[in-house]
Amino acid sequence: QKEVEQNSGPLSVPEGAIASLNCTYSDRGSQSFFWYRQYSGKSPELIMFIYSNGDKEDGRFTAQLNKASQYVSLLIRDSQPSDSATYLCAVRGTGRRALTFGSGTRLQVQP
Amino acid sequence: DGGITQSPKYLFRKEGQNVTLSCEQNLNHDAMYWYRQDPGQGLRLIYYSQIVNDFQKGDIAEGYSVSREKKESFPLTVTSAQKNPTAFYLCASSFRGRANTDTQYFGPGTRLTVL
């Protein structure tokens with residue numbers, strides 16, 4: 001079982017729709033959770049992080065965390081073609097400073 | 001400009017050669033990390049350093065070496081012992097604050113190809 005799992009996609013949504021990206025993790029003691037966006041050939045850019053159960057909103061992005069279910073998600077409202085990228089979920093596990101990454105979900109926003 | 005720089009952007013290596021990838025940051029971050037990314041995959045941790053003159057192996061350290069002589073610099077050497085070095089190498093850094101909010105930021109990456 002992978003430590004951090006994401007559906008590889010592609011997830012295709014029409015422009016203006018809500019994109020929902022999901023991530024599950026195996027280490028129940030994980031402390032914090034990060035979403036990065038990576039355009040093809042580029043390095044990851046931080047979108048947001050979350051460490052408490054519930055929702056955290058930043059502009060068009062909402063991160064949701066459910067530690068009991070070991071599940072974290074990212075919602076992108078009013079999706080734009082410029083949001084087309086691979087979204088990486090990263091988890092900071094028990095006693096570890098470095099992050100463990102999922103393999104990413106490729107999002108395609110259709111104009 | 002503040003940020004993380006990596007050089008070179010592209011690097012070609014012949015089999016049997018050692019090569020060194022540069023990573024420099026002027027963000028006054030304490031911790032620095034090296035990750036490797038293969039096509040269609042997530043990032044895997046090679047080495048990390050939380051303070052000067054100290055570093056720890058990550059999940060895939062075999063065939064790699066690092067040094068941390070200055071806070072700003074964390075070079076990675078890919079040795080001839082690394083059998084499949086062709087990959088995208090990413091350096092990251094973070095301010096060593098509270099663990100649950102310690103956020104990593106990435107440099108632009110170096111793409112290494114073995115000829």
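For the range A:43-66, the set of residues classified as modelled with pLDDT under 95 and in a loop (DSSP other than H, G, I, E, B) consists of A:Y51, A:S52, A:N53, listed by residue number. Within the range B:47-89, the set of residues being among the aliphatic types (A, V, I, L, M) and either over 23 Å from B:Y10 (Cβ atoms) or in a strand (DSSP E or B) (or both) comprises B:I51, B:V52, B:A61, B:V66, B:L76, B:V78, B:A87. Within the range B:28-46, if we keep just the residues that are outside any strand (DSSP E or B) and surrounded by 13 or more Cβ atoms within 10 Å (Cβ to Cβ), the residue that is nearest to the other protein chains (Cβ to nearest Cβ) turns out to be B:G42. Taking the criterion of being touching a residue at least 40 places away in the same chain (Cβ under 8 Å) and part of a loop (DSSP other than H, G, I, E, B), the residues of the range A:70-94 that qualify are A:Q70, A:R77, A:D78, A:S79, A:Q80, A:G93, A:T94. Among the residues making up the range B:47-71, those that are over 12 Å from the mean Cα position of the chain (by Cα) and facing chain A (nearest Cβ under 10 Å) are B:Q50, B:Q56, B:D59.
Which residues, counting only those in the range A:31-42, are of a type outside the set (D, E, K, R) and touching an Asp or Glu at 6+ places or on another chain (Cβ under 9 Å)?
A:S32, A:Y36, A:Q38, A:Y39 - these are the residues of the range A:31-42 that are of a type outside the set (D, E, K, R) and touching an Asp or Glu at 6+ places or on another chain (Cβ under 9 Å).
What do you reckon, is B:T86 more than 8 Å from chain A (Cβ to nearest Cβ), touching a residue at least 60 places away in the same chain (Cβ under 8 Å) and surrounded by fewer than 21 Cβ atoms within 10 Å (Cβ to Cβ)?
Considered against the rule, which asks whether it is more than 8 Å from chain A (Cβ to nearest Cβ), touching a residue at least 60 places away in the same chain (Cβ under 8 Å) and surrounded by fewer than 21 Cβ atoms within 10 Å (Cβ to Cβ), B:T86 comes out as no.
Flag set for A:G9, criterion: more than 10 Å from every other protein chain (Cβ to nearest Cβ) and either within 20 Å of B:W34 (Cβ to Cβ) or touching a Lys or Arg at 6+ places or on another chain (Cβ under 7 Å) (or both).
The values are calculated or read from the model by the stated rules, or taken from the named source; none is laboratory data. On a predicted model such as this, the values are computed, not experimentally measured, just so you know. FYI the Cβ positions are ideal-geometry reconstructions off the backbone, even for glycines, and counts take in every protein chain you see.
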